[in-house]
Amino acid sequence: MQLSNSYLKRVFETVEKRDPDQPEFLQAVTEVFQSCQEIIDQHPEMERDGVMERIVEPERMLTFRVSWLDDNNKVQVNRGYRVQFNSAIGPYKGGLRFHPTVNLSVIKFLGFEQCFKNALTGLPMGGAKGGSDFDPKGKSDREIMHFCQSFMTELSRHIGQFTDVPAGDIGVGAREIGFLYGQYKRMRNEVTGALTGKGLKYGGSLVRKEATGYGLCYFVQEMLKSKGETFKGKTVSVSGSGNVAIYAVEKAAQLGATVVTVSDSQGYIYDAKGINLEALKEIKELKRGRLTEYLEYEPSAVYTEGRGIWSVPCDIALPCATQNELDENDAEILAKNGCRYVGEGANMPSTPAAIKVFFEKNIYYAPGKAANAGGVATSGLEMSQNSARMYWTFAEVDSKLKDIMQHIYFTASQTAQKYGHPGNLEMGANIAGLLRISEAMTSQGVSW
Ligand code: NDP
Ligand code: 2IT
């Protein structure tokens, strides 16, 4: 890694030495450090205050055994995680991921990025992430319920509305949040907003389900506006077909774009007419099915097994599946096919080499920690409604979400401009997030 600042270099070497087997975490730290060199040069007090050493080390990391009974009455064991990264700005906040690839490196990279993202929302939320290597695919509802109850039996000791407020992420949606929340209440005998993404009948917020995808499009709308453009008439490529992807497709289409792709871990759909949203929701939200079923609804669409989604020509690419899903080669192909905007709905979906290509080829790039902050921001709005024992209307929450996304775009682009890197939203987001966390940390002393 190219680091000219000796303090950052030293801190990074310590992190590398301490966690050599955490590639995703090191990748996320590298990105932030590279963005923040000039800021550190200008603020020598940050070294005195040990800001960077503190920012890369979670305040608390929990791992625990989750044993549960499968439908054959066999006991299964998974590993549970909660990394409470930084509480300088507010209670720990961030999602839970259930996926077989989950390990400490993945949870730490997500928790680290969450601190910056949450700072950018302007709401009082610290950063955390958790989850398990449990694979919800192919499990019955009863197995999911039993796993969630077991997971929460331990987690419930460590969370709470003023302490740590988990939510969903990959593999954790409305069904899982319901089971987790039910168990939290049982364990703690209290009805508080200790989780977000709850069902609308028991404390959930309108727009939370749509928020990450909608927020992503509101953010990209600002990017387009800065170049005198809109979504109207644009061809958009979305990857993934989960919560974030579905509502990115919905909002981009509402704003006048034609969304031609969605994908899952097995392959991707190309539908030149524009993705049939009703079909997509039925397959993914109701039936929990595979994308191949889309062809039963739209026989003229094309399903391609495997990778390759980024070879579909588009004006705007919205990666909404998972980390490192878009590499250097994909970025080159996107550029060659005329793509001019990339907005990350997923966390860290583009590899560092892909991001380099975006800058070289003049593709306007929005990093996930800014562009996908609408989900957690609306979680923050759910927390406010729970505290006030109130429900806001769809229009109220949607308008607050839009304001927050515009504010994040404005902050990232103004910060980039101020530090001499106009148009570099990655730098702008990282610097703005760092300054907010750093100020909050140093004014609270050094015991953490
Ligand atoms: P879902 O579980 O609803 O959907 C995940 C989608 O990504 C599925 O289509 C899944 O395919 C695909 N996917 C998952 N893992 C892989 C993989 N290893 N390779 C290829 N495809 C994969 O999750 P979300 O939509 O909630 O999350 C998507 C991304 O957005 C994640 O990076 C998450 O961290 C991020 N995010 C989510 C927020 C939220 O509020 N939910 C907020 C901000 C960011 P398959 O079904 O085949 O596994
Ligand atoms: O990555 C994320 O921002 C999320 N998964 C949402 C976190 C939240 O607390 O709503």
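Annotations for the structure displayed:
- Flag if Arg65 is of a type in the set (Lys, Arg) and more than 30 Å from Arg142 (Cα to Cα): no
- Gly433 meets the conditions (1) within 24 Å of Lys251 (Cβ to Cβ); (2) within 16 Å of ligand 2 (Cβ to nearest atom); (3) crowded, with 23+ Cβ neighbours inside 10 Å in every case but one. The failed one is (1).
- Residue among Asn72, Asn78 that alone is part of a loop (DSSP other than H, G, I, E, B), away from ligand 1 (no atom under 13 Å from the Cβ) and of a type outside the set (Ser, Thr, Tyr): Asn72
Every residue, every condition in (1) over 24 Å from Asn324 (Cα atoms); (2) among the β-branched types (Val, Ile, Thr), yes or no:
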{"position": "Thr153", "(1), (2)": "yes, yes"}
{"position": "Gly168", "(1), (2)": "no, no"}
{"position": "Glu176", "(1), (2)": "yes, no"}
{"position": "Gly197", "(1), (2)": "yes, no"}
{"position": "Lys234", "(1), (2)": "yes, no"}
{"position": "Asn243", "(1), (2)": "no, no"}
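- Taking the listed residues Cys148, Cys115, the one that is within 14 Å of ligand 2 (Cβ to nearest atom) and farther than 21 Å from Gln385 by Cα is Cys115, with no other qualifying.
- Of the numbered criteria (1) within 16 Å of ligand 2 (Cβ to nearest atom); (2) touching a helix residue (DSSP H, G or I) at 6+ places or on another chain (Cβ under 9 Å); (3) of a type in the set (Ser, Thr, Tyr), the one Ser87 fails is (2).
- Residues in region 180-197 that are closer than 18 Å to Gly94 by Cα and among the hydrophobic types (A, V, I, L, M, F, W, C): Leu180, Ala194, Leu195.
- Close pairs (6 angstrom Cβ cut-off, 6 or more residues apart or separate chains): touching a residue at least 24 places away in the same chain (Cβ under 8 Å) in region 49-77, assigned to a loop (DSSP other than H, G, I, E, B) and hydroxyl-bearing (Ser, Thr, Tyr) anywhere: Asp71/Ser140
- Looking across region 13-39 at every residue that is assigned to a helix (DSSP H, G or I) and of a type in the set (S, T, N, Q), the one that is surrounded by the fewest Cβ atoms within 10 Å (Cβ to Cβ) is identified as Thr14.
- The set of residues in region 169-189 being farther than 17 Å from Ser150 by Cα and either crowded, with 24+ Cβ neighbours inside 10 Å or touching a Pro at 6+ places or on another chain (Cβ under 7 Å) (or both) consists of Asp169, Ile170.
- Number of residues in region 71-94 that are surrounded by 15 or more Cβ atoms within 10 Å (Cβ to Cβ) and in contact with a Ser or Thr (Cβ under 8 Å, 6 or more places away or on another chain): the value is 8.
- Matching residues, region 105-133, being over 20 Å from Ser350 (Cβ atoms) and assigned to a strand (DSSP E or B): Gly127, Ala128, Gly130, Gly131, Ser132
- Note on region 366-401: among residues that are within 11 Å of ligand 1 (Cβ to nearest atom) and among the β-branched types (Val, Ile, Thr), the one that is farthest from Ala128 (Cα to Cα) is Thr378.
- Scanning region 290-318 for residues that are of a type in the set (Gly, Ala, Ser), part of a loop (DSSP other than H, G, I, E, B) and within 25 Å of the chain's Cα centre (by Cα) yields Gly306, Gly308.
- Residue check for Thr192: of a type in the set (Val, Ile, Thr), surrounded by fewer than 22 Cβ atoms within 10 Å (Cβ to Cβ) and outside any helix (DSSP H, G or I): yes
- Residues of region 95-104 satisfying the condition of being crowded, with 22+ Cβ neighbours inside 10 Å and either in a loop (DSSP other than H, G, I, E, B) or near ligand 1 (Cβ under 9 Å from one of its atoms) (or both): Gly95, Arg97, Phe98, Val102
- Entry remark, region 90-108: residues being more than 18 Å from Gln22 (Cβ to Cβ) and more than 11 Å from ligand 2 (Cβ to nearest atom) number 2 in total.
Just so you know, all these numbers are worked out from the coordinates, no wet-lab data involved. Quick caveat, the model's predicted, so the values are computed rather than measured. All Cβ positions, glycine included, derive from the backbone under ideal geometry; neighbour counts span all protein chains shown.
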